[in-house]
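Notes to accompany the following structure.
Readers should treat all values here as calculations from the given coordinates under stated rules, not as data from a laboratory. Computed from a predicted model, the values in this text were never measured in an experiment. When we count neighbours, we look across all protein chains shown, and the Cβ atoms used for this are built from the backbone with ideal geometry, even at glycine.
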């Protein structure tokens, strides 16, 4: 047999038969936290100095190393052109970009010192451009 007790909508707080509205707390501006991190762009050529294309596997291998060292990588596949002068000669390069974010408690100088040598060797470059910026994550 079903229990047929009479129930009311009375709230123990107001006794009027209408429950009090529960207010949803609104986030305060001070609750929005940002954190500063270092961002690194690695500019990579698409061609060796002799004009032959750099193999896709070189980029894939570097991405794996960056993921292992930094926890992730963003690849910007759209190529950009760069020009540089060495002595009296001008050089034109087509480049792509890999971007990583530094981890807390990480020594990026040590990681990039090792990495820069590897990139120079693998991509057969005299120098590699790595740009560091401080950014805010929101």
Full-extension gain between residue 38 and residue 79, please, as 0.36 nm times their residue separation minus the C-alpha to C-alpha distance. 12.4 nm
Using packing as a proxy for protection, rank 80-87, 51-58, 126-133, 40-47 so that the peptide with the highest average count of other Cβ atoms within 10 Å comes first. 40-47, 126-133, 51-58, 80-87
Kirkwood hydrodynamic radius (C-alpha pairs) into Stokes-Einstein, the stretch 70-138, 25 °C and 0.890 mPa s, D in µm²/s: 171
